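The values are calculated or read from the model by the stated rules, or taken from the named source; none is laboratory data. These numbers come from a predicted model, not from an experiment. Reconstructed Cβ throughout: ideal geometry from the backbone, glycine too, with neighbour counts over all protein chains shown. These accessible areas exclude ligands, DNA and RNA; they are computed on the full protein's heavy atoms, side chains included. Shrake-Rupley method; radii C 1.70, N 1.55, O 1.52, S 1.80 Å.
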Amino acid sequence: MLQSKVEPSFRESVDIMFNRAVALMDLSPGLEEKIRVCNATYTVRFGVRLRGAIHTFTGYRSVHSEHMEPVKGGIRYAPNVHQDEVEALAALMTYKCALVEAPFGGSKGGLRINPRDWEEHELEQITRRFTYELAKRDLIHPSQNVPAPDMGTGEREMAWIADQYRRMNTTDINAAACVTGKPLNAGGIHGRVEATGRGVQYALREFFRHPEDVAAAKLSGTLEGKRVIVQGLGNVGYHAAKFLSEEDGCKIIGIIERDGALLSKDGLDVEAVAQWIKKHGGVTGYPHVTHKADGARVLEAECDILIPAAMEGVIHLGNAANIKAPLIIEAANGPITAGGDEILREKGCVIIPDMYANAGGVTVSYFEWVKNLSHIRFGRMQRRAEESRTQMLVDELERLSSDKGLGWTLSPTFKSDYLRGAGELELVRSGLDDTMRTAYQSMREVWHSRGDVHDLRTAAYIVSISRVAASYRAKGL
Ligand code: NAD
C-alpha cells in the first residue's frame, strides 16, 4: 500500500514497485539495497558555439547496475529531462535486460534540449560534443556502456555518436558496437527501427495465446477486432499500432498526440495519420474523424486495449480510477505511476509491464551489438546453403511424384516461401519473437504458480531481481 496519496516521483515509483516484489523474495537486506540503488550518475554541462553565441547544455548518463557489462540504455532528448528520470529509466533497463536475458547492466542518458529548437547541423554539433564528453569517460564504449535511441533521438543521432566515437578511437576495430540503433549503412541491423513496436505486437500475441490470462483481463478470443487506443504515434506507438492493425486485425479507435486526440469507431488509418503528423506537426485538422482537444482525457475512453506509448507518468492518482481499458500494455517506460498502478490493480485491470512490453528495442539492440562485434551480417553464411538443402527436398518430392505418377504439385507460393532462406530481417524477427515469448512465459509462471503474486509487474520484477541477485552472488557479493 502507498503510505500517502502523494504522487511519487518516477524514480520513487520504480522503487515502490521494486520493494513490493522484494517483500515477496528471500534476499538479504544488503543485497536488496545493492540491487535497488543507482551506482552512479554523471552530469555534464558543456558549451557549444551556435548562432554567434555560446549555449550551455546539460546532459546525464546514469549507470544503475554493472552486474553485467557493458551497461545499456537509450539517450533521450527532451527539454525537461532530469536526474531522477534518467535514474528511474536506468533502473528499468537493468530489470528489462535481466527479464529478456540480454547480457547487459542498466544505464540511461538524457540531454536537456528541445530538438525542435535546433537545425539539423546544430543538433549534430551538440550531439558530437555530448558524445565527446561521455566517451572520454568511457560512458560510451563498446565494452562498457552502449547507448541507443529513446524519446527525441533516432538513427540519425546514433550515426553521429558512432562516428564521433570512431574519430576518438581510430584503431578500435569494435568501434561500431559503441552504440546501437544506427542506420543500416553505419553498422545498424535490419528491424531495429521497428523493434520496440514489433515487440509490443509479439507481447500481445503471446498474451492472447493464454486464454486464462485473457480472461483475467475480462476479454476473450483473439486480437482480431479488439479496440485499441494508442497514446504517442512516435517510433514505438506508430509501429505497434501499424502492425496490430495491419497484421492482427485490431481496430485503432483512438490516437492521442501532444495536440489532442483522434477518435473513430471504425478504426483509424495509422499510416495516413502518421503521414498527416509528419506534414502538419500534429493531429489537428486530420479530416473525417472526431478530434478532441484534451487528448489526455481520451486515455479514459472505452476500449479493449490501451497502449500508452509516449512518456512516463500519464496514468496517475488523478485519472487511474477513470480508466476503462481492461488491458493496458505499457509501451512507454513508466507510463503508470505507482499510485495509478495500485488503483488499476484494485479495479482488476491487467497491466503488461513496461520492462517486458517495450523490451523489443533492447533485444534487437543486443543483436546489433553482436553483429558489430562479429563483423558479419546475420544469415550471410547460412542463407544460400539453407536454400540449396530445401531445394533438394522439393526436387526430390517432385521427382517421386512424377516417377510414381502421383500427380502431386506444390503450390507456387508454398514453394517460393519454403525455398527462401532466412535473411537478416527474418532472423531478427524470429529472435525477437522467441525472446518475447520466453520472457512472457517466465513472468506468467511466477504470476500463476505463486499465491502471493497477483499481477504481471510483480512477477516481472521477481524474475529480473532473482537473475540480477544470482549474478551478484556469482561475483561473490
Ligand atoms: P518518440 O519521440 O519517437 O515518440 C514519442 C511520441 O509521443 C511523439 O509522437 C510525441 O509527439 C508523442 N507525445 C509526447 N508527449 C505526448 C503527450 N503528452 N501526449 C501524447 N503524445 C505525446 O519516442 P519513442 O522512441 O517512441 O519513445 C516513446 C516511449 O517509449 C518512451 O517512454 C521511451 O522511453 C519508450 N521506449 C522507446 C524505445 C525505442 O526503441 N525508441 C525502446 C523502449 C522504450
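Annotations for the structure displayed:
- Filter pass, D138 being part of a loop (DSSP other than H, G, I, E, B), more than 24 Å from G197 (Cα to Cα) and acidic (D, E): yes
- Residue satisfying all of: in region 384-424; basic (K, R) and farther than 30 Å from G191 by Cα; least open to solvent (accessible area, probe 1.4 Å) among these: R399
- Where H55 falls short, out of the listed (1) more than 16 Å from the ligand (Cβ to nearest atom); (2) out of contact with any strand residue (DSSP E or B) (no Cβ under 7 Å at 6 or more places or on another chain): (2)
- Members of region 203-241 found to be more than 26 Å from P149 (Cβ to Cβ), touching a Phe, Trp or Tyr at 6+ places or on another chain (Cβ under 9 Å) and either surrounded by fewer than 18 Cβ atoms within 10 Å (Cβ to Cβ) or of a type outside the set (A, V, I, L, M, F, W, C) (or both), listed by number: R209, H210, D213, G221, T222, K226
- Of the residues making up region 243-295, those that are open to solvent by 10 Å² or more (accessible area, probe 1.4 Å), assigned to a strand (DSSP E or B) and in contact with a Leu (Cβ under 8 Å, 6 or more places away or on another chain) number 5.
Residue-by-condition table, conditions (1) more than 13 Å from the ligand (Cβ to nearest atom); (2) open to solvent by less than 30 Å² (accessible area, probe 1.4 Å); (3) among the charged types (D, E, K, R):
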| position | (1), (2), (3) |
| --- | --- |
| V146 | yes, yes, no |
| Q164 | yes, yes, no |
| N169 | yes, no, no |
| D172 | yes, no, yes |
| T180 | no, yes, no |
| N185 | yes, no, no |
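- Complete set of residues in region 299-327 that are within 14 Å of the ligand (Cβ to nearest atom), outside any loop (DSSP other than H, G, I, E, B) and free of Cβ contacts under 8 Å to residues at least 60 places away in the same chain: E300, I315
- When residues in region 210-253 are screened for being of a type outside the set (A, V, I, L, M, F, W, C), free of Cβ contacts under 8 Å to residues at least 40 places away in the same chain and within 21 Å of I277 (Cα to Cα), 3 of them pass.
- Unique residue being open to solvent by 30 Å² or more (accessible area, probe 1.4 Å) and more than 19 Å from V48 (Cα to Cα) when the list is E119, E101: E101
- Selection from region 187-231 of residues that are part of a helix (DSSP H, G or I) and away from the ligand (no atom under 13 Å from the Cβ): Q201, Y202, L204, R205, E206, F207, P211, E212, D213, V214, A215, A216
Here's the yes/no breakdown for (1) within 23 Å of the chain's Cα centre (by Cα); (2) surrounded by fewer than 21 Cβ atoms within 10 Å (Cβ to Cβ):
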position: T41; (1), (2): yes, yes
position: G47; (1), (2): no, yes
position: Y60; (1), (2): yes, no
position: M68; (1), (2): yes, yes
position: P79; (1), (2): yes, yes
position: S107; (1), (2): yes, no
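- Just one of (1) touching a strand residue (DSSP E or B) at 6+ places or on another chain (Cβ under 7 Å); (2) on the phi > 0 side of the Ramachandran plot fails for I329. It is (2).
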